[in-house]
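A quick write-up on the structure given underneath.
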């Protein structure tokens, strides 16, 4: 299937919408990004690449990194990960402490901030410099050997991460964090500051289209069953407190970030990534959500 | 595909598990059911029927009725339904008042009790005897022209429905219930007391496999887009507070009931219904959840 | 001590404030009351009466009735009352269901709505017509043998009491209500609709100034220890979610109502009642709170 | 009045109870204290001292320090303190983050941990070494010029203060903490580790008996109105989530600590301090609470 005409139609339709919404401002470095970017990339099951707009421009992946730190934590710990983090939608905003306290320091799922802090803690136990391990994991998957994290963005986020610090200390109080709080926060902010383009992210997610194996080098990233389960988790928990609405409108497993990126997967068919920095109040890219909704409608391909 | 050998293997594997868990006891009439039943029925895309065990034995569908009252409310009101009920997972037990109060009387989704009370309220506004309308809607879909609700179960549930009454009065206080609280509760308890077999339920759900159109008489129950969206809603919200875990393990849109039934859909492939009355603490059938997990694993067919 | 000059000074000082705030509007009958009333009455330990303004005008006592239904429940059940209702401030608005659900249907204290519903339930078990029993209890204490409840106000409140119905049903679900929900709500609304003047209420509370014994007929309403404890309960829980601030500013045990009345006690010195219908957002009389704050400042008499 | 016989009777009565309950164990250094201590001291309005048991033995004052840091914050900032911390009971355990998040980082009152962190933050802004300022404030009031804080206890508490760190970071995220989180936590833990005896604490609180002025040197610690208001605050918020029950049973403004001390005040009559390290589940001294309940019953002197 040639997805390019669909992508061009979507870009045309969304022109009036691009730039609406608000660029994330709580991280000063991110607030500098222009809201008018729009890019989209599809990598189909046959390996063909289809793009439109700013699909090759790197951006701050932010919470999309939670997908990759979960994958790495599962590689290290297997099902033991679920002793420390749940698999249920949170039903509350992504940075809420209320549920974390009521549920004894066990985060609802790995895609909210405290859940990603637990995955980062697992990486901190294994790797001396966890952010380097994550970058090295992503380079071959994405096809960009020069990929890196943005030190200015990481430092900017670290300086304003009092709420994440509160969650990390609360989990430490409940015994659900093995490493020093500061060490975990440093690594977490660097993971969020990794910069990738739509094309690179769509490539990196191909193993979730192919039952856990990356088609480039046939490397088994995860077993088939676990790959499917990560897709399930993205569907129910991947887009903050709007996961239900996102599943309802788009119908694809996806992980979003406040940098304006959304990475989605149609198992057996394609990986797709969209980027537009202006956000809905839920924290998801406004134009990006609409673009994916149009994409599954126009192609008739969703998991439902 | 012939699903029968798979069903037989599952029945064999689960023998030691059937009867584990607890039959719902808060409705006295339901507590009389033996925990040792197990039945399963698949209706494939080609119309073929595959069954095992007690697949033809009628049981109390309980919350599975919420699927059908939602469909009927959508037929009557279209997207206006979403003004009164949300589309997000609740993150709290299915009968919680806390979220309902914090969110001004708008239930999180139509598959928790207060959401189904809103759908029932919509039916009460349109129909003099809403429970008859629901039964008449289900008879042709299920192929059982004698289907009915159990008056003893409805009366038993009505007498113990103080918590549902609390939720209904709270929504009334917030202006989100048009009809008398008692009238809505009467109808709601009768919907829950409808009795159907696995075979009948699997047949009744075929329009969700076929993009909204029932294959028997080609009747368009819902538009394709809305049918897909109901599947999305079942995936994220259909199995109480365990929806994330259910998606993770089973990977199918599903709606469960405390009578021990679970109805699930693989779009484009099949509808499946399983029944075993003993429940997990989450309120879902223990053997039924395991059976569906084995079913998607053995067939390799899930939406992820 | 002659309190009359103090009362006159307070009335003079507060003139610009009387009428500010909002008359309770959720009970249609109450919304008809003019916001410009102001009355105040002090009955000193020596029995002398001091008044200013509308001190003899009857008004709807509303939640001040909770004080008297608690006293009657204690007369009937003694310390067993505390098995069903707590003695702690609620920390949430007076009609919240959240805490009630989280704490298994046991209200935090007898001065929030669900707590008063429990006390009313105790009266319903003992008396065929509990509202008559309350009126008969209050007539000799207040010195008004014709005192009654206002049927139009009771009926108006009953029609809009969906939130109270929600709380009553929730407590019924938890097994903390013995009688029919409708019966308890009927009685509760009639207690709230009792009409008394500042003078009558100040007289009725004299037993709390005198260690439990009413000075008029030396009748022991409650034992000394229990009378003191009711004063403690009024101090910590008597003025809705503003009890801390009220104690801080006024420094007297008090019970307020949305009719605009506040009844307060200085043990060993006086009972004081103030009435002005316009309310603060907390539900307490705006001018009434200020009047009591000035009263304890000007007399130098508070419990602290 | 000679309080000594009353104190002796109480010690005799409570013998079987002393040691029941549990010594606070979350701070390792505190867990080493024997649960069998019991001491009590009364300083009457006339300056006379009455003691029993271990009244002269220093112990860790812990949360009783919150009373003194509040007084010092009020001396520095006056009513501006209330812009940053409320005056209402919390209705939830003393170290809960839930309310703090729901109420935008403004603690309910200065006697719960986050409220005391705000007062400590005020002292950190004014003093280079705030713990020294607190000790210097308390030395003349208590009559012990060698009083100090226990460095081992402070360090032990600091190492386990992840929950306090979570609250401090959350307040920092909401803009309600001016200084570095670590600096505030260091000072806070040292305030808690101050060691005083019952006799010293009762002396230190005499200004709350005398309308704000310390009788020793006639120094005005606070204005009369503010002293009364602190008493009101102790009554409604001073004994953790059991303040309502404590007011009900004891009837005195009081501040307790997990070291087992309780300091209480009867305005115009006496200050009393009791110490016994084994605690009730609420965090208040078990024998200490009973001793104060007996004290107000036997003397007939309570504020109600």
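Among the residues making up region C:6-24, those that are in contact with a strand residue (DSSP E or B) (Cβ under 9 Å, 6 or more places away or on another chain) and not in a loop (DSSP other than H, G, I, E, B) are C:6, C:7, C:8, C:10, C:11, C:22.
Residues of region D:37-47 being surrounded by fewer than 24 Cβ atoms within 10 Å (Cβ to Cβ), part of a loop (DSSP other than H, G, I, E, B) and in contact with a strand residue (DSSP E or B) (Cβ under 7 Å, 6 or more places away or on another chain), which ones?
Narrowing region D:37-47 to residues surrounded by fewer than 24 Cβ atoms within 10 Å (Cβ to Cβ): D:37, D:44-47.
Still in the list and also part of a loop (DSSP other than H, G, I, E, B): D:37, D:45-47.
Passing the criteria: D:37, D:45.
Does residue B:11 fit the bill of being surrounded by fewer than 24 Cβ atoms within 10 Å (Cβ to Cβ) and at pLDDT below 95? When the stated conditions are applied, residue B:11 does not pass them. Residue count for region C:223-235 satisfying the condition of being at the interface with another protein chain (Cβ under 7 Å from one of its Cβ atoms) and surrounded by 24 or more Cβ atoms within 10 Å (Cβ to Cβ): 5. Residue A:281 meets each of the listed conditions (1) at pLDDT below 95; (2) buried (at least 19 other Cβ atoms within 10 Å of the Cβ) apart from (2). Looking only at region D:112-128, decide whether some residue is over 25 Å from residue D:75 (Cα atoms) and either without any contact (Cβ under 8 Å) to a residue 40 or more places away in the chain or outside the structural domain of residue D:176 (by TED's automatic domain parsing) (or both). Looking through region D:112-128, none of the residues is over 25 Å from residue D:75 (Cα atoms) and either without any contact (Cβ under 8 Å) to a residue 40 or more places away in the chain or outside the structural domain of residue D:176 (by TED's automatic domain parsing) (or both). Of the residues making up region C:180-196, those that are surrounded by fewer than 19 Cβ atoms within 10 Å (Cβ to Cβ) and within 13 Å of chain B (Cβ to nearest Cβ) are C:180, C:182.
Filtering D:242, D:291 for residues that are part of a helix (DSSP H, G or I), buried (at least 24 other Cβ atoms within 10 Å of the Cβ) and in contact (Cβ under 8 Å) with a residue 12 or more places away in the chain leaves a single hit, D:291. Residues of region B:236-258 that are under 12 Å from the mean Cα position of the chain (by Cα) and within 9 Å of chain A (Cβ to nearest Cβ): B:237, B:253. Scanning region B:25-36 turns up no residue that is in the same structural domain as residue B:210 (by TED's automatic domain parsing), in contact with a strand residue (DSSP E or B) (Cβ under 8 Å, 6 or more places away or on another chain) and closer than 21 Å to residue B:265 by Cβ. When residue A:201 is tested against (1) within 13 Å of chain D (Cβ to nearest Cβ); (2) under 14 Å from the mean Cα position of the chain (by Cα), only condition (1) is not met.
Sort through D:85, D:118 and tell me the only one that's buried (at least 18 other Cβ atoms within 10 Å of the Cβ) and within 14 Å of chain C (Cβ to nearest Cβ).
Numbers: D:118 fails: within 14 Å of chain C (Cβ to nearest Cβ).
Result of the check over D:85, D:118: D:85.
Of the residues B:72, B:147, the single one that is in contact (Cβ under 8 Å) with a residue 12 or more places away in the chain and assigned to a helix (DSSP H, G or I) is B:72. Determine, yes or no, whether residue A:70 is closer than 21 Å to residue A:194 by Cβ, surrounded by fewer than 18 Cβ atoms within 10 Å (Cβ to Cβ) and at pLDDT 95 or above. Answer is no for this residue. Among the candidates C:126, C:139, C:158, the residue that is out of contact with any strand residue (DSSP E or B) (no Cβ under 7 Å at 6 or more places or on another chain) and closer than 29 Å to residue B:104 by Cβ is uniquely C:158.
Condition check for residue B:289 on (1) closer than 19 Å to residue A:225 by Cα; (2) in contact with a helix residue (DSSP H, G or I) (Cβ under 6 Å, 6 or more places away or on another chain); (3) away from every other protein chain (no Cβ under 12 Å): one failure, at (2).
Tell me which residues, restricted to region C:209-239, are touching a residue at least 12 places away in the same chain (Cβ under 8 Å), in a loop (DSSP other than H, G, I, E, B) and under 26 Å from residue C:51 (Cα atoms). Across region C:209-239, the qualifying residues are C:210, C:211, C:212, C:215, C:216, C:217, C:221, C:238, C:239.
Within region A:164-171, is even one residue over 24 Å from residue A:89 (Cβ atoms) and at pLDDT 95 or above?
First pass over region A:164-171, keeping only residues over 24 Å from residue A:89 (Cβ atoms): A:165, A:169.
Now restrict to residues that are at pLDDT 95 or above: A:165, A:169.
Yes; the residues of region A:164-171 include at least one that is over 24 Å from residue A:89 (Cβ atoms) and at pLDDT 95 or above.
The values are calculated or read from the model by the stated rules, or taken from the named source; none is laboratory data. Because the structure is predicted, anything quoted here is derived from the model rather than measured. In this analysis, Cβ positions are derived from the backbone assuming ideal geometry, glycine residues included, and neighbour counts consider all displayed protein chains.
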